[in-house]
Amino acid sequence: MLEQPEFGQRLRALRAERGLSQAALADGVMSTGYLSRLESGARPPTHRVVENLARRLGVSVSAFESPDDGVGTPRHSAFAELLAAVVAAANDANLAESLADALHETPDLDPALRWQALWLLAEIRRGEGRQQEEYVLLKELVDLSESLASPELWSRACTGLSRCARTLGHTAQAREYAQRAHELSEKASQAARTGALQALVAIEAEVGELAAAQAHAELLCELTENVEGTAHVEALWAAATVSTRQGDHAGGRRLLERALDRLDSHVDLVLWMRLRLAAASLGLQVSPPPLDEVRARLQEAATVVSLVGTELHQQELRTLWVYLAVEEGRLDEAWEMAERVAAEQSLLSFRDRLKFEAMRVRLQIRRGDREAGVHRMRELAEEAESARNVELAAEIWRTLATTLTGD
């Protein structure tokens, strides 16, 4: 039988593979605290405890022996089994937490195995809207990739960190890492180059470097034109975003319509849903907005959000319903919905969060709470300026001006 801490690693992996929480495995056999100490390696197991655990897990006692597969150490083999289990069931919160614990408790992992685990866990945190935790994981991933001296892995890690930093409003860092990813991708795969270009276009558009963003978006569309999968669809989406930021809403809509027409829901249902959310958002920025079309897009997206959407997607959908209510003149209803969204922990990106809060404050001012609303709107504009997002700050100041003039 394995000694500690290898026994605890093996026990956690076996439990995670079966999708069991510590409480479920311990129930009727031992306390959850005792099981936790076994898994952490703080307590040695007795033969009776091993027999009870084996019976509960549906395995023989030999399952706690060192796997004789000739690959790595028993400790690393257990980690690899846990990683495989997370890959097979990426939406299992218990497995994700087990992986996070194992990463913390196994600092001497093979670097390549650690890279895979960090990447997977960062993707899970992204889907959960836990951007700060994702950011920490990606920072470690970038450092690890540099030590591995792999342009492919390094470029992908920098791309992920740029995207996450932009979501959090760290525009200077997002710009730095997107540029580094783009440079590294010259010696990497086309997929890595495409991802780096997408990150670069996104942050250039965010900070108002629209000429550079357009040039990179055109290159991105050219590179992906004949690539199988969803790469060209996402490239068209990126180009549509740039056109919209340039004030060419009609051009942006045409590009996004091409992306919508090109993607079949059977290929990537989540991307299909996100494109409809994006189309609704773009429609709301047109003057006058095509409200029937926006409503139709939101209804299409809502059906899929209820099936495969994360809490982040649900929050994005709720905010767009509020925007639609405002455009349709249903201001009391919009205010009530906005207040419900504001009461939630925001999972939105930095830009989307500030834009939504500005819209909510606009409703607040129109309801008569002028002094507090103006103060809050100024705070939002200053927050955008502090993040060096001049374009967003200018948009918030314009929102305040038009609200005060009653336009």
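Assorted remarks:
- Residue check, VAL305 under 29 Å from GLU123 (Cα atoms), in contact (Cβ under 8 Å) with a residue 12 or more places away in the chain and in contact with a His (Cβ under 7 Å, 6 or more places away or on another chain): yes
- Qualifying positions in region 217-243 - in contact (Cβ under 8 Å) with a residue 24 or more places away in the chain and either charged (D, E, K, R) or within 23 Å of ALA172 (Cβ to Cβ) (or both): ALA217, LEU220, GLU234, ALA238, THR241, VAL242
- Within region 8-46, restricting attention to residues that are without any contact (Cβ under 8 Å) to a residue 12 or more places away in the chain and part of a helix (DSSP H, G or I), the residue that is nearest to GLU105 (Cα to Cα) is ARG37.
- Condition met for ALA199 (crowded, with 23+ Cβ neighbours inside 10 Å, within 18 Å of SER155 (Cα to Cα) and modelled with pLDDT under 95): no
Results for (1) crowded, with 17+ Cβ neighbours inside 10 Å; (2) over 17 Å from the mean Cα position of the chain (by Cα); (3) not small (Gly, Ala, Ser), shown as yes or no for each residue.
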position: SER162; (1), (2), (3): yes, no, no
position: GLY169; (1), (2), (3): yes, no, no
position: ALA172; (1), (2), (3): no, yes, no
position: LEU184; (1), (2), (3): yes, yes, yes
position: ARG193; (1), (2), (3): yes, yes, yes
position: LEU220; (1), (2), (3): yes, yes, yes
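- For region 326-372, residues that are free of Cβ contacts under 8 Å to residues at least 24 places away in the same chain, in a helix (DSSP H, G or I) and small (Gly, Ala, Ser) total 2.
- Filtering region 373-391 to residues that are outside any loop (DSSP other than H, G, I, E, B) and hydrophobic (A, V, I, L, M, F, W, C) leaves VAL374, MET377, LEU380, ALA381, ALA384, VAL390.
- Being closer than 24 Å to ARG114 by Cβ and not aromatic (Phe, Trp, Tyr) is true of LEU144.
- Filter result for the condition that a residue is small (Gly, Ala, Ser), in a helix (DSSP H, G or I) and in contact with a His (Cβ under 7 Å, 6 or more places away or on another chain), over ALA215, ALA196: ALA196
The values are calculated or read from the model by the stated rules, or taken from the named source; none is laboratory data. All figures in this text were calculated on a predicted structure; none of them were measured in a lab. Ideal geometry is used to build each Cβ from the backbone, glycine not excepted, and the neighbour counts take in all protein chains shown.
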